[in-house]
Amino acid sequence: MSAYDREPPGAYHGAHVDPLAELRTADDPPWDVYLTGTVFLDIVFTGLDSAPERGTESWARGMGSSPGGVANMATALARLGLRTSLAAAFGDDHYGEYCWDALEQGEGIDLSASRSVPEWHSPVTVSMAYEGERAMVSHGHEPPPDGPAPECPPRARAAIASLTSGRRAPWIAEVASNGTLVFADVGWDDTGRWDLAGLADLEHCEAFLPNAEEAMRYTRTDCPRAAAHALTDYVPLAVVTLGAQGAYAVDGRTGETAEVPAIEVEELDPTGAGDVFVAGFVTGTLAGWPLADRVAFAGLTAALSVQEFGGSLSAPGWAEIAAWWRRVRAYDDQDPAALRRYAFLEALLPDVARPWPLRRAVPTIGFRAAR
């Protein structure tokens, strides 16, 4: 049985949706999305009343473990129904085995381009959540020098790349030359130079999705919307996330813009929300949705993810999206215009009767609301 013939193991029964079903042909690439990077083991402690104090012992009411790092993005893509291929290096320890099994068997992610590295232990991050904030401690050694990306990446409709200033990744140009759409994000520039010319692989990308602070620093502007327009001199499509204000996108080829406000939710843990946003935007782009719908969907999936703890733990699937949609329509005081913004999802959503918000990512047994 192939990965395509079964419902993804991480999906709720009856809730699997293929957003590209109407577009698939016999000549399609084998994968919808390809990505590469480092997989961490994330250990999340929740239910702490306050930050740990020096010289004391703190007990958490909940705890969970899950693959993190690039696994956050891969999991978010897979749960949205995209056929996802991940190239990553895994340690040959128990942590690495756990992460491999969780991604391959639990989420249906293709790991044929990944490898287990002898005598290299898995990077680990411990996250402690309290008072709406989080503190993290990480440990790991330098990844293998030849990197996880294979010499011949698998064919895919899209690829997601994390750009690093001053460093090219040869696989990006290679996949772009074969027709793969490359979506890029970027981390904080520790050098302080914020030089767009240093992001050399941007020339091969279809879209660039920085946050507002990153976008303004790279473009030397004081307005994130102006920054988005400036970025279209370097990449066809710029999407700037605005935090609590939502997101703003500009298509430099057509001049089209889209701005969608954020959805108000109770934020418990923002870990992985940016990854989920990118996954949602990639999904909408591959499905051929209008720009505003893509931005709205990306923001919705990110909002659903921050209501739970953890990175890949909290990435929403179609069951969560369907439950949210049914719940918000049940209130008589909803703004009709706001509801219309998400009406395009109606035809896609599975008929799953589940409450919302869903406690999908409660880390362990025992972390429940008081009765």
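Of note:
- F40, sole failed condition from (1) out of contact with any Leu (no Cβ under 8 Å at 6 or more places or on another chain); (2) farther than 26 Å from A319 by Cα; (3) surrounded by fewer than 17 Cβ atoms within 10 Å (Cβ to Cβ): (3)
- You will find that of T283, T271, the residue that is in contact with a Lys or Arg (Cβ under 9 Å, 6 or more places away or on another chain), closer than 24 Å to A71 by Cα, modelled with pLDDT under 95 and β-branched (V, I, T) is T271 and no other.
- Number of the exception - D92 against (1) modelled with pLDDT of 95 or more; (2) farther than 15 Å from G37 by Cβ: (1)
- Cβ pairs under 8 Å, 6+ apart, first in region 164-189 and in contact (Cβ under 8 Å) with a residue 40 or more places away in the chain, second open to solvent by 30 Å² or more (accessible area, probe 1.4 Å) and part of a helix (DSSP H, G or I): D185/G274
- Flag: P224 does not match the condition of being open to solvent by 30 Å² or more (accessible area, probe 1.4 Å) and either under 19 Å from V278 (Cα atoms) or not aromatic (F, W, Y) (or both).
- Of everything listed in (1) out of contact with any Leu (no Cβ under 8 Å at 6 or more places or on another chain); (2) farther than 20 Å from A149 by Cα; (3) not in a helix (DSSP H, G or I), the single unmet condition for Q105 is (3).
- Answer from G288, G280, G272 - the residue that is surrounded by fewer than 18 Cβ atoms within 10 Å (Cβ to Cβ) and more than 14 Å from R341 (Cα to Cα): G288
- Complete set of residues in region 304-345 that are part of a loop (DSSP other than H, G, I, E, B), open to solvent by 50 Å² or more (accessible area, probe 1.4 Å) and either aromatic (F, W, Y) or at positive phi (or both): Y331
- Looking only at residues in region 232-249 that are within 14 Å of F183 (Cα to Cα) and touching a strand residue (DSSP E or B) at 6+ places or on another chain (Cβ under 6 Å), the one that is most open to solvent (accessible area, probe 1.4 Å) is T232.
- Test for E214: is it of a type in the set (D, E) and open to solvent by 20 Å² or more (accessible area, probe 1.4 Å): no
- Enumeration of residues in region 1-32 that are at pLDDT 95 or above and touching a helix residue (DSSP H, G or I) at 6+ places or on another chain (Cβ under 7 Å): P19, L20, D32
The values are calculated or read from the model by the stated rules, or taken from the named source; none is laboratory data. All of these numbers come straight from a predicted model, not from anything done at the bench. Neighbour counts are summed over all protein chains in view; Cβ atoms, including those assigned to glycine, are modelled from backbone coordinates with ideal geometry. Areas reflect the complete protein model, heavy atoms only, side chains present, ligands, DNA and RNA absent. Shrake-Rupley method; radii C 1.70, N 1.55, O 1.52, S 1.80 Å.
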